[in-house]
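Q: Below: one structure in C-alpha coordinates.
The values are calculated or read from the model by the stated rules, or taken from the named source; none is laboratory data. Worth saying up front: this structure is predicted, and the values here are computed from it rather than measured. Heads up, the Cβs are rebuilt from the backbone with ideal geometry, glycines too, and the neighbour counts pull from every protein chain shown. SASA here: full protein model, heavy atoms, side chains in, ligands and nucleic acids out. Shrake-Rupley method; radii C 1.70, N 1.55, O 1.52, S 1.80 Å.
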Amino acid sequence: MSSFIARRLRFAKSLEIDRAVFFAIMGKIWSLSAGLVTTLLIAVYFAPDLQGYYYTFQAVLAVQAIAELGLGSVLTYYASHEWAKLALDRDREVTGDPDALSRLISLGRFSLKWYLMASAVMTLVLATGGLFFFGTAADPGFPWKAPWIVLSVVTGLNLCAVPVWALLEGCNQVSHVYGYRIVQYVASSVTAWVAIYLGAGLWVASAIGVAGLLAMTLTVGRRYGKLIRTILLAQPKGPRLSWRTDIWPMQWRIAMSWVGGYFVFSLFAPVLFHYQGPVVAGQMGMTWVLVGALMPVASSWIMPRAPLFGILISQRKYAELDRLFWRITSRVIAVTAAGAFGIWMLVFSLNQLHHPLAARLLPPGTTACMLLATIIVCASLPMSTYLRAHKKEPLMGLSVLSGVLTGIAVTVLGKYYSADGVAVGYLAVTATMNPFVALIWYRRRTEWHADPVSRSPI
(Lines give C-alpha, C1' and ligand atoms only; values in the text may rest on other atoms or scores of the structure.)
Protein backbone atom coordinates (compact mmCIF):
# COMPACT_ATOMS: atom_id res chain seq x y z
CA MET A 1 0.00 0.00 0.00
CA SER A 2 2.79 2.44 0.88
CA SER A 3 4.52 1.80 -2.48
CA PHE A 4 1.21 2.36 -4.28
CA ILE A 5 0.75 5.72 -2.52
CA ALA A 6 4.36 6.64 -3.24
CA ARG A 7 3.88 5.95 -6.94
CA ARG A 8 0.75 8.07 -7.00
CA LEU A 9 2.55 10.92 -5.26
CA ARG A 10 5.42 10.75 -7.76
CA PHE A 11 2.92 10.74 -10.63
CA ALA A 12 1.12 13.78 -9.18
CA LYS A 13 4.43 15.58 -8.76
CA SER A 14 5.36 14.87 -12.38
CA LEU A 15 2.12 16.59 -13.40
CA GLU A 16 2.92 19.62 -11.20
CA ILE A 17 0.02 18.78 -8.85
CA ASP A 18 0.49 20.07 -5.32
CA ARG A 19 -2.23 20.54 -2.71
CA ALA A 20 -3.48 23.81 -4.22
CA VAL A 21 -3.54 22.45 -7.77
CA PHE A 22 -5.22 19.26 -6.51
CA PHE A 23 -8.07 21.25 -4.99
CA ALA A 24 -8.30 23.40 -8.11
CA ILE A 25 -8.52 20.29 -10.30
CA MET A 26 -11.07 18.66 -8.02
CA GLY A 27 -13.13 21.84 -8.18
CA LYS A 28 -13.01 21.84 -11.96
CA ILE A 29 -13.83 18.13 -12.12
CA TRP A 30 -16.86 18.77 -9.92
CA SER A 31 -17.81 21.81 -12.01
CA LEU A 32 -17.52 19.83 -15.24
CA SER A 33 -19.42 16.84 -13.90
CA ALA A 34 -22.06 19.00 -12.26
CA GLY A 35 -22.21 21.14 -15.39
CA LEU A 36 -23.04 18.07 -17.45
CA VAL A 37 -25.81 17.14 -15.00
CA THR A 38 -27.14 20.70 -15.12
CA THR A 39 -26.98 20.67 -18.91
CA LEU A 40 -28.94 17.43 -19.05
CA LEU A 41 -31.54 18.74 -16.60
CA ILE A 42 -31.92 21.93 -18.65
CA ALA A 43 -32.37 19.84 -21.80
CA VAL A 44 -35.06 17.78 -20.07
CA TYR A 45 -36.93 20.43 -18.07
CA PHE A 46 -36.39 23.60 -20.14
CA ALA A 47 -38.13 24.27 -23.43
CA PRO A 48 -35.75 25.33 -26.25
CA ASP A 49 -36.69 29.02 -25.95
CA LEU A 50 -36.27 28.97 -22.15
CA GLN A 51 -32.84 27.40 -22.66
CA GLY A 52 -31.97 30.28 -24.98
CA TYR A 53 -33.02 32.89 -22.43
CA TYR A 54 -31.09 31.14 -19.66
CA TYR A 55 -27.77 30.97 -21.50
CA THR A 56 -28.16 34.47 -22.89
CA PHE A 57 -28.70 35.67 -19.31
CA GLN A 58 -25.34 34.09 -18.42
CA ALA A 59 -23.57 35.66 -21.38
CA VAL A 60 -24.91 39.16 -20.69
CA LEU A 61 -23.90 38.87 -17.02
CA ALA A 62 -20.27 38.47 -18.12
CA VAL A 63 -20.24 42.23 -18.69
CA GLN A 64 -19.70 42.55 -14.91
CA ALA A 65 -15.99 42.01 -15.63
CA ILE A 66 -15.96 45.56 -16.97
CA ALA A 67 -17.13 46.89 -13.60
CA GLU A 68 -14.04 45.48 -11.91
CA LEU A 69 -11.78 47.23 -14.42
CA GLY A 70 -9.28 44.44 -13.91
CA LEU A 71 -8.80 45.09 -10.20
CA GLY A 72 -9.30 41.46 -9.12
CA SER A 73 -6.21 40.25 -10.97
CA VAL A 74 -4.20 43.26 -9.86
CA LEU A 75 -5.03 42.59 -6.20
CA THR A 76 -3.66 39.05 -6.39
CA TYR A 77 -0.40 40.07 -8.06
CA TYR A 78 0.26 43.09 -5.81
CA ALA A 79 -0.66 41.21 -2.64
CA SER A 80 1.72 38.38 -3.57
CA HIS A 81 4.65 40.79 -3.82
CA GLU A 82 3.90 42.11 -0.31
CA TRP A 83 3.23 38.63 1.08
CA ALA A 84 6.77 37.59 0.14
CA LYS A 85 7.76 39.36 3.39
CA LEU A 86 4.79 38.25 5.52
CA ALA A 87 3.28 35.08 7.02
CA LEU A 88 0.47 33.81 9.26
CA ASP A 89 1.26 32.48 12.73
CA ARG A 90 -0.70 29.74 14.54
CA ASP A 91 -3.25 32.26 15.76
CA ARG A 92 -3.70 33.46 12.16
CA GLU A 93 -2.15 36.80 12.96
CA VAL A 94 -0.05 38.43 10.24
CA THR A 95 3.66 38.58 11.06
CA GLY A 96 6.63 39.92 9.19
CA ASP A 97 7.75 43.22 7.71
CA PRO A 98 5.47 46.01 9.08
CA ASP A 99 5.94 48.14 5.96
CA ALA A 100 4.76 45.29 3.72
CA LEU A 101 1.75 44.76 6.00
CA SER A 102 0.92 48.46 5.85
CA ARG A 103 1.00 48.42 2.06
CA LEU A 104 -1.15 45.28 2.01
CA ILE A 105 -3.74 46.87 4.30
CA SER A 106 -3.87 49.99 2.14
CA LEU A 107 -4.47 47.74 -0.86
CA GLY A 108 -7.30 45.94 0.94
CA ARG A 109 -9.02 49.12 2.13
CA PHE A 110 -8.95 50.56 -1.36
CA SER A 111 -10.35 47.35 -2.85
CA LEU A 112 -13.25 47.34 -0.38
CA LYS A 113 -14.30 50.85 -1.36
CA TRP A 114 -13.90 50.09 -5.05
CA TYR A 115 -16.04 46.96 -5.04
CA LEU A 116 -18.80 48.45 -2.93
CA MET A 117 -19.15 51.24 -5.46
CA ALA A 118 -18.75 48.87 -8.42
CA SER A 119 -21.44 46.59 -7.01
CA ALA A 120 -24.00 49.39 -6.82
CA VAL A 121 -23.17 50.68 -10.29
CA MET A 122 -23.16 47.25 -11.90
CA THR A 123 -26.51 46.30 -10.36
CA LEU A 124 -28.07 49.41 -11.89
CA VAL A 125 -26.36 48.95 -15.26
CA LEU A 126 -27.27 45.27 -15.54
CA ALA A 127 -30.90 45.86 -14.58
CA THR A 128 -31.50 48.77 -16.96
CA GLY A 129 -29.29 47.44 -19.77
CA GLY A 130 -30.90 44.01 -19.62
CA LEU A 131 -34.38 45.51 -19.72
CA PHE A 132 -33.42 47.34 -22.90
CA PHE A 133 -31.62 44.41 -24.59
CA PHE A 134 -34.19 41.73 -23.87
CA GLY A 135 -37.02 44.18 -24.35
CA THR A 136 -36.02 44.77 -27.98
CA ALA A 137 -35.34 41.13 -28.91
CA ALA A 138 -37.44 39.00 -26.56
CA ASP A 139 -40.93 37.60 -26.90
CA PRO A 140 -43.23 40.20 -25.31
CA GLY A 141 -45.17 37.46 -23.52
CA PHE A 142 -42.19 35.68 -22.01
CA PRO A 143 -41.84 36.24 -18.20
CA TRP A 144 -38.18 37.30 -18.00
CA LYS A 145 -38.26 40.77 -16.37
CA ALA A 146 -38.55 39.91 -12.64
CA PRO A 147 -35.94 37.09 -12.80
CA TRP A 148 -33.54 39.43 -14.59
CA ILE A 149 -33.87 42.27 -12.07
CA VAL A 150 -33.36 39.94 -9.09
CA LEU A 151 -30.40 38.30 -10.84
CA SER A 152 -28.83 41.72 -11.35
CA VAL A 153 -29.02 42.40 -7.60
CA VAL A 154 -27.57 38.98 -6.72
CA THR A 155 -24.75 39.50 -9.21
CA GLY A 156 -23.92 42.84 -7.61
CA LEU A 157 -23.73 41.22 -4.18
CA ASN A 158 -21.42 38.49 -5.47
CA LEU A 159 -19.17 41.14 -6.95
CA CYS A 160 -18.38 42.26 -3.39
CA ALA A 161 -16.83 38.84 -2.72
CA VAL A 162 -14.19 39.23 -5.45
CA PRO A 163 -11.63 41.17 -3.37
CA VAL A 164 -11.79 38.58 -0.59
CA TRP A 165 -10.93 35.72 -2.94
CA ALA A 166 -8.29 37.78 -4.77
CA LEU A 167 -6.48 38.99 -1.64
CA LEU A 168 -6.48 35.55 -0.01
CA GLU A 169 -4.93 34.07 -3.15
CA GLY A 170 -2.35 36.86 -3.21
CA CYS A 171 -1.55 36.06 0.43
CA ASN A 172 -0.69 32.53 -0.75
CA GLN A 173 -3.64 30.87 1.01
CA VAL A 174 -4.31 29.13 -2.27
CA SER A 175 -4.93 25.58 -1.09
CA HIS A 176 -7.61 26.62 1.40
CA VAL A 177 -9.16 29.06 -1.07
CA TYR A 178 -9.57 26.36 -3.70
CA GLY A 179 -10.80 23.90 -1.11
CA TYR A 180 -13.51 26.33 -0.07
CA ARG A 181 -14.36 26.96 -3.71
CA ILE A 182 -15.24 23.27 -4.00
CA VAL A 183 -17.76 23.74 -1.19
CA GLN A 184 -19.14 26.73 -3.06
CA TYR A 185 -19.38 24.78 -6.32
CA VAL A 186 -21.20 21.90 -4.62
CA ALA A 187 -23.68 24.21 -2.91
CA SER A 188 -24.39 26.07 -6.15
CA SER A 189 -24.76 22.90 -8.21
CA VAL A 190 -27.13 21.15 -5.80
CA THR A 191 -29.19 24.31 -5.54
CA ALA A 192 -29.37 24.51 -9.35
CA TRP A 193 -30.55 20.90 -9.66
CA VAL A 194 -33.24 21.28 -7.04
CA ALA A 195 -34.42 24.58 -8.54
CA ILE A 196 -34.56 23.15 -12.08
CA TYR A 197 -36.46 20.10 -10.88
CA LEU A 198 -38.95 22.27 -8.99
CA GLY A 199 -39.62 24.31 -12.13
CA ALA A 200 -37.89 27.55 -11.09
CA GLY A 201 -37.08 28.41 -14.71
CA LEU A 202 -35.07 31.61 -15.05
CA TRP A 203 -35.02 31.98 -11.25
CA VAL A 204 -32.42 29.19 -11.20
CA ALA A 205 -29.62 31.66 -11.95
CA SER A 206 -30.45 33.80 -8.88
CA ALA A 207 -30.68 30.71 -6.67
CA ILE A 208 -27.20 29.66 -7.78
CA GLY A 209 -25.76 33.07 -6.93
CA VAL A 210 -27.33 33.16 -3.46
CA ALA A 211 -26.15 29.63 -2.63
CA GLY A 212 -22.59 30.39 -3.70
CA LEU A 213 -22.45 33.59 -1.65
CA LEU A 214 -23.75 31.85 1.49
CA ALA A 215 -21.26 28.98 1.11
CA MET A 216 -18.39 31.42 0.71
CA THR A 217 -19.43 33.41 3.78
CA LEU A 218 -19.65 30.32 6.01
CA THR A 219 -16.34 28.76 4.92
CA VAL A 220 -13.96 31.64 4.27
CA GLY A 221 -15.38 33.77 7.06
CA ARG A 222 -14.87 31.02 9.63
CA ARG A 223 -11.18 30.42 8.90
CA TYR A 224 -9.97 33.77 7.62
CA GLY A 225 -12.28 36.22 9.35
CA LYS A 226 -9.39 37.72 11.35
CA LEU A 227 -7.12 38.06 8.31
CA ILE A 228 -9.90 39.57 6.20
CA ARG A 229 -10.75 42.11 8.89
CA THR A 230 -7.08 43.04 9.21
CA ILE A 231 -6.61 43.59 5.49
CA LEU A 232 -9.91 45.30 4.73
CA LEU A 233 -10.68 47.27 7.90
CA ALA A 234 -7.44 48.01 9.78
CA GLN A 235 -5.61 51.31 9.42
CA PRO A 236 -2.22 51.20 7.66
CA LYS A 237 0.55 52.36 10.01
CA GLY A 238 3.30 52.94 7.50
CA PRO A 239 3.83 53.29 3.74
CA ARG A 240 0.82 52.88 1.50
CA LEU A 241 0.24 51.82 -2.06
CA SER A 242 -1.08 54.65 -4.17
CA TRP A 243 -3.90 53.80 -6.52
CA ARG A 244 -2.90 56.52 -8.95
CA THR A 245 0.81 55.72 -9.17
CA ASP A 246 1.06 52.04 -8.16
CA ILE A 247 -2.19 50.29 -9.11
CA TRP A 248 -3.87 52.27 -11.87
CA PRO A 249 -1.00 51.99 -14.43
CA MET A 250 -1.53 48.21 -14.50
CA GLN A 251 -5.24 48.17 -13.72
CA TRP A 252 -6.41 50.18 -16.69
CA ARG A 253 -4.44 47.95 -19.03
CA ILE A 254 -5.94 44.83 -17.45
CA ALA A 255 -9.37 46.45 -17.72
CA MET A 256 -8.93 47.07 -21.43
CA SER A 257 -7.79 43.46 -21.85
CA TRP A 258 -10.89 42.25 -19.98
CA VAL A 259 -13.15 44.35 -22.20
CA GLY A 260 -11.50 42.69 -25.18
CA GLY A 261 -12.01 39.32 -23.49
CA TYR A 262 -15.73 39.98 -23.15
CA PHE A 263 -16.06 40.36 -26.91
CA VAL A 264 -13.94 37.25 -27.47
CA PHE A 265 -15.85 34.91 -25.14
CA SER A 266 -19.24 36.36 -24.21
CA LEU A 267 -20.72 37.83 -27.37
CA PHE A 268 -21.66 34.56 -29.09
CA ALA A 269 -25.03 33.85 -27.47
CA PRO A 270 -26.31 37.47 -27.35
CA VAL A 271 -25.53 38.00 -31.06
CA LEU A 272 -27.29 34.79 -32.05
CA PHE A 273 -30.19 35.60 -29.71
CA HIS A 274 -30.63 38.93 -31.49
CA TYR A 275 -30.29 37.72 -35.08
CA GLN A 276 -31.27 34.05 -35.02
CA GLY A 277 -33.58 33.73 -32.01
CA PRO A 278 -33.45 32.00 -28.61
CA VAL A 279 -33.26 28.41 -29.95
CA VAL A 280 -29.96 28.91 -31.81
CA ALA A 281 -28.65 31.01 -28.92
CA GLY A 282 -29.49 28.12 -26.61
CA GLN A 283 -27.54 25.69 -28.81
CA MET A 284 -24.53 27.99 -28.70
CA GLY A 285 -24.90 28.50 -24.95
CA MET A 286 -25.08 24.79 -24.17
CA THR A 287 -22.15 24.02 -26.49
CA TRP A 288 -20.11 26.81 -24.93
CA VAL A 289 -20.70 25.27 -21.49
CA LEU A 290 -18.75 22.25 -22.76
CA VAL A 291 -16.15 24.09 -24.86
CA GLY A 292 -15.59 26.92 -22.41
CA ALA A 293 -14.93 24.39 -19.64
CA LEU A 294 -11.47 23.86 -21.15
CA MET A 295 -10.31 27.24 -19.87
CA PRO A 296 -11.17 26.63 -16.20
CA VAL A 297 -9.45 23.24 -16.46
CA ALA A 298 -6.33 24.91 -17.88
CA SER A 299 -6.45 27.56 -15.17
CA SER A 300 -6.39 24.79 -12.53
CA TRP A 301 -2.69 24.46 -13.24
CA ILE A 302 -2.06 28.17 -13.74
CA MET A 303 -3.97 30.32 -11.26
CA PRO A 304 -2.93 28.47 -8.06
CA ARG A 305 0.67 29.25 -9.08
CA ALA A 306 0.09 32.94 -9.86
CA PRO A 307 0.95 34.06 -6.28
CA LEU A 308 4.10 31.90 -6.41
CA PHE A 309 5.04 33.55 -9.70
CA GLY A 310 4.78 36.92 -7.99
CA ILE A 311 6.81 35.78 -4.97
CA LEU A 312 9.60 34.34 -7.16
CA ILE A 313 9.71 37.55 -9.18
CA SER A 314 9.88 39.63 -6.01
CA GLN A 315 12.80 37.45 -4.88
CA ARG A 316 14.42 37.60 -8.37
CA LYS A 317 14.49 33.81 -8.65
CA TYR A 318 14.01 33.89 -12.40
CA ALA A 319 15.55 30.51 -13.24
CA GLU A 320 13.18 28.75 -10.84
CA LEU A 321 10.30 30.81 -12.24
CA ASP A 322 11.07 29.73 -15.80
CA ARG A 323 11.36 26.05 -14.92
CA LEU A 324 7.99 26.17 -13.20
CA PHE A 325 6.47 28.05 -16.14
CA TRP A 326 7.57 25.54 -18.77
CA ARG A 327 6.41 22.57 -16.74
CA ILE A 328 2.98 24.12 -16.26
CA THR A 329 2.69 25.15 -19.91
CA SER A 330 3.36 21.63 -21.19
CA ARG A 331 0.73 20.18 -18.83
CA VAL A 332 -1.84 22.79 -19.83
CA ILE A 333 -1.46 22.10 -23.55
CA ALA A 334 -1.63 18.31 -23.08
CA VAL A 335 -4.66 18.38 -20.78
CA THR A 336 -6.52 20.93 -22.93
CA ALA A 337 -5.97 18.97 -26.14
CA ALA A 338 -7.13 15.72 -24.50
CA GLY A 339 -10.20 17.43 -23.07
CA ALA A 340 -11.08 18.97 -26.43
CA PHE A 341 -10.90 15.58 -28.12
CA GLY A 342 -13.17 14.08 -25.48
CA ILE A 343 -15.76 16.86 -25.87
CA TRP A 344 -15.78 16.53 -29.65
CA MET A 345 -16.20 12.76 -29.43
CA LEU A 346 -19.19 13.30 -27.13
CA VAL A 347 -20.87 15.69 -29.57
CA PHE A 348 -20.02 13.46 -32.55
CA SER A 349 -21.39 10.35 -30.82
CA LEU A 350 -24.66 12.06 -29.86
CA ASN A 351 -25.17 13.01 -33.50
CA GLN A 352 -24.30 9.54 -34.77
CA LEU A 353 -26.78 8.01 -32.33
CA HIS A 354 -29.41 10.63 -33.25
CA HIS A 355 -29.83 11.31 -29.55
CA PRO A 356 -32.36 14.08 -28.73
CA LEU A 357 -29.66 15.98 -26.84
CA ALA A 358 -27.77 16.47 -30.12
CA ALA A 359 -30.47 18.92 -31.22
CA ARG A 360 -29.67 21.10 -28.21
CA LEU A 361 -25.99 21.38 -29.24
CA LEU A 362 -24.15 22.74 -32.26
CA PRO A 363 -23.12 20.25 -34.99
CA PRO A 364 -19.74 18.44 -34.71
CA GLY A 365 -18.04 20.58 -37.38
CA THR A 366 -19.05 23.85 -35.74
CA THR A 367 -18.06 22.49 -32.34
CA ALA A 368 -14.64 21.48 -33.72
CA CYS A 369 -13.95 25.09 -34.76
CA MET A 370 -14.89 26.32 -31.28
CA LEU A 371 -12.68 23.69 -29.63
CA LEU A 372 -9.63 24.38 -31.79
CA ALA A 373 -9.85 28.11 -31.11
CA THR A 374 -10.15 27.46 -27.37
CA ILE A 375 -7.07 25.20 -27.36
CA ILE A 376 -5.10 28.09 -28.87
CA VAL A 377 -6.40 30.45 -26.20
CA CYS A 378 -5.54 28.03 -23.37
CA ALA A 379 -1.99 27.61 -24.66
CA SER A 380 -1.42 31.35 -24.15
CA LEU A 381 -2.85 31.52 -20.60
CA PRO A 382 0.42 30.60 -18.80
CA MET A 383 2.22 33.34 -20.73
CA SER A 384 -0.29 36.03 -19.78
CA THR A 385 -0.15 34.97 -16.12
CA TYR A 386 3.66 35.01 -16.20
CA LEU A 387 3.71 38.54 -17.62
CA ARG A 388 1.09 39.95 -15.24
CA ALA A 389 2.86 38.48 -12.23
CA HIS A 390 5.48 41.19 -12.89
CA LYS A 391 2.76 43.75 -12.03
CA LYS A 392 2.65 44.80 -15.69
CA GLU A 393 0.23 44.27 -18.55
CA PRO A 394 1.91 44.29 -21.97
CA LEU A 395 -0.94 42.40 -23.66
CA MET A 396 -3.49 45.21 -23.51
CA GLY A 397 -3.21 46.34 -27.13
CA LEU A 398 -3.34 42.80 -28.45
CA SER A 399 -6.35 41.93 -26.25
CA VAL A 400 -8.29 44.99 -27.37
CA LEU A 401 -7.51 44.36 -31.04
CA SER A 402 -8.53 40.69 -30.69
CA GLY A 403 -11.75 41.73 -28.98
CA VAL A 404 -12.62 44.26 -31.68
CA LEU A 405 -11.87 41.84 -34.52
CA THR A 406 -13.79 39.03 -32.82
CA GLY A 407 -16.73 41.31 -32.12
CA ILE A 408 -16.89 42.37 -35.78
CA ALA A 409 -16.46 38.81 -37.08
CA VAL A 410 -19.03 37.33 -34.70
CA THR A 411 -21.60 40.06 -35.36
CA VAL A 412 -21.30 40.05 -39.15
CA LEU A 413 -20.90 36.31 -39.66
CA GLY A 414 -23.46 35.48 -36.97
CA LYS A 415 -26.04 37.64 -38.72
CA TYR A 416 -25.58 36.02 -42.13
CA TYR A 417 -24.23 32.54 -41.36
CA SER A 418 -25.67 31.82 -37.89
CA ALA A 419 -23.62 29.68 -35.47
CA ASP A 420 -21.31 28.38 -38.21
CA GLY A 421 -20.20 31.92 -38.96
CA VAL A 422 -19.64 32.69 -35.28
CA ALA A 423 -17.42 29.60 -34.86
CA VAL A 424 -15.36 30.29 -37.99
CA GLY A 425 -14.91 33.94 -37.04
CA TYR A 426 -13.79 33.01 -33.52
CA LEU A 427 -11.25 30.51 -34.87
CA ALA A 428 -9.91 32.82 -37.57
CA VAL A 429 -9.23 35.72 -35.22
CA THR A 430 -7.78 33.51 -32.47
CA ALA A 431 -5.43 31.65 -34.82
CA THR A 432 -4.21 34.95 -36.27
CA MET A 433 -3.76 36.98 -33.07
CA ASN A 434 -2.71 34.57 -30.30
CA PRO A 435 0.76 33.70 -31.71
CA PHE A 436 1.69 37.31 -30.97
CA VAL A 437 1.24 36.54 -27.25
CA ALA A 438 4.28 34.25 -27.45
CA LEU A 439 6.29 36.94 -29.22
CA ILE A 440 5.42 39.55 -26.59
CA TRP A 441 6.19 37.07 -23.80
CA TYR A 442 9.64 36.31 -25.22
CA ARG A 443 10.57 39.97 -25.70
CA ARG A 444 9.33 41.17 -22.30
CA ARG A 445 10.91 38.25 -20.44
CA THR A 446 14.27 39.05 -22.04
CA GLU A 447 13.89 42.74 -21.18
CA TRP A 448 12.65 42.38 -17.60
CA HIS A 449 15.05 39.64 -16.52
CA ALA A 450 18.16 41.17 -18.03
CA ASP A 451 21.15 41.80 -15.76
CA PRO A 452 21.39 45.61 -15.48
CA VAL A 453 25.17 45.38 -15.92
CA SER A 454 25.58 42.79 -18.66
CA ARG A 455 22.03 43.23 -20.10
CA SER A 456 21.85 39.46 -20.49
CA PRO A 457 19.00 37.36 -19.00
CA ILE A 458 19.60 36.34 -15.39
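Q: With only Lys, Arg, Asp and Glu charged, each at its Cβ (+1 for the first two, -1 for the last two), find how big the charge dipole of the chain is about the Cα centre; round to the nearest 20 debye. Before the final figure, lay out each step's value.
A: Details: 37 positive and 19 negative charges, 246 e Å.
Roughly 1180 debye for the chain.
Q: On to the next question. Gain in length, residue 431 to residue 244, computed as 0.36 nm per residue apart minus the alpha-carbon separation, to one decimal in nm? Let's see the in-between values first.
A: Numbers: separation 187, 0.36 × 187 = 67.32 nm, distance 3.60 nm.
Additional length available on full extension: 63.7 nm.
Q: Specify the inter-centroid distance of the range 311-343 and the range 383-422, based on alpha-carbon positions, in whole Å.
A: Using only Cα atoms to place each centre, the spacing works out to 22 Å.
Q: Let me ask another. Select from 381, 125, 421 the residue farthest towards the positive end of the dipole of the chain; place +1 on Cβ of Lys and Arg, -1 on Cβ of Asp and Glu, and compute about the Cα centre.
A: It is 381, whose Cα lies furthest towards the positive end.
Q: Can you tell me, using C-alpha contacts under 8 Å and at least 6 residues apart, the relative contact order of the chain as a whole percent? It would help to have the intermediate numbers written out before the result.
A: Values: 620 pairs, mean separation 105.0, N = 458.
This gives 23 percent for the chain.
Q: Next up: Take the alpha carbon gyration tensor of the range 36-79, find the square roots of its eigenvalues, order them as a ≥ b ≥ c, and report rounded if a/c is under 1.5; if not, report prolate when a/b exceeds b/c, else oblate.
A: On the way: a/c = 8.36, a/b = 2.51, b/c = 3.32.
Oblate, since a/c reaches 1.5 and b/c is not below a/b.
Q: Could you pull out every whole DSSP H run in the chain that spans at least 24 Å of Cα extent along its own axis and averages -1.0 or higher on the Kyte-Doolittle scale?
A: Values: long enough: 19-45 (38 Å, 1.54); 98-137 (56 Å, 1.01); 174-197 (34 Å, 0.78); 204-233 (35 Å, 1.16); 248-265 (25 Å, 0.49); 318-352 (50 Å, 0.75); 364-388 (35 Å, 1.15); 396-433 (30 Å, 1.23).
Span-like helices, by this rule, are 19-45, 98-137, 174-197, 204-233, 248-265, 318-352, 364-388, 396-433.
Q: What FRET efficiency comes out for the pair residue 341/residue 97, r = Cβ-Cβ distance, R0 = 35 Å, nearest 0.05? If you can, show how the numbers build up before the last one.
A: Numbers: r = 48 Å, r/R0 = 1.38.
Efficiency, rounded to the nearest 0.05: 0.15.
Q: Once you have a ≥ b ≥ c as the square roots of the Cα gyration tensor eigenvalues for the range 38-170, tell me rounded if a/c is under 1.5, and otherwise prolate or oblate according to whether a/b is larger than b/c.
A: Prolate shape, in that a/c is at least 1.5 and a/b is the bigger ratio.
Q: What full-extension length gain, to one decimal in nm, is calculated for residue 392 and residue 117 as 0.36 nm per residue of separation minus the Cα-Cα distance? Mind showing how you got there, number by number?
A: Working: separation 275, 0.36 × 275 = 99.00 nm, distance 2.49 nm.
Length gained, residue 392 through residue 117: 96.5 nm.
Q: Does the range 151-252 classify as rounded, prolate or oblate by the C-alpha gyration tensor (a ≥ b ≥ c root eigenvalues; a/c under 1.5 gives rounded; else a/b over b/c gives prolate, otherwise oblate)?
A: On the way: a/c = 2.87, a/b = 1.91, b/c = 1.50.
Taking the square roots of the gyration eigenvalues as a ≥ b ≥ c, the range 151-252 is prolate.
Q: Taking only C-alpha pairs under 8 Å that are 6+ residues apart, what is the relative contact order of the range 15-114 in percent? Kindly include the intermediate steps, with their values, before the conclusion.
A: On the way: 29 pairs, mean separation 15.4, N = 100.
Worked out over the range 15-114, it gives 15 percent.
Q: Using 0.36 nm times the number of residues separating residue 149 and residue 442, minus their current alpha carbon distance, what extension gain do you get?
A: Working: separation 293, 0.36 × 293 = 105.48 nm, distance 4.58 nm.
Here the answer is 100.9 nm.
Q: Let me ask another. Amide H to amide H, which residues 5 or more places from residue 450 or on other chains are under 5 Å from it, using H placed in the peptide plane?
A: 458
Q: Next question. At a 1.4 Å probe, what is the % contribution of carbon and sulfur to the accessible area of the chain?
A: Numbers: 13620 of 20240 Å².
Answer for the chain is 67 percent, counting heavy atoms of protein chains only.
Q: Ok, one more. For residue 113, go through the lysines and keep the ones whose alpha-carbon is under 22 Å away, minus same-chain ones fewer than eight residues off.
A: Result set, ordered by chain and number: 226, 237, 391.
Q: Let me ask another. Using only helices, what value at 222 nm comes out for the chain when you add -39,500 (n - 2.57) per DSSP H run of length 4 or more and divide by the total residues, to the nearest 500 deg cm²/dmol? Kindly include the intermediate steps, with their values, before the conclusion.
A: Details: 19 runs with 362 residues, N = 458.
Taking each H run of at least 4 residues, the total per residue is -27000 deg cm²/dmol.
Q: Right, next: Just the number please: accessible area per residue for the range 237-335, 1.4 Å probe, all protein chains included, in Å².
A: Working: 3920 Å² over 99 residues.
Heavy-atom accessible area per residue stands at 40 Å².
Q: Kirkwood hydrodynamic radius of the range 276-371 from all distinct Cα pairs, in Å? Intermediate results must be reported in sequence, preceding the final value.
A: On the way: mean 1/r = 0.0647 Å⁻¹.
Answer for the range 276-371: a Kirkwood hydrodynamic radius of 15.5 Å.
Q: Taking a cut-off of 20 Å between Cα atoms, list the lysines near residue 392, but don't count ones fewer than 8 places away on the same chain.
A: Partners within reach: 317.
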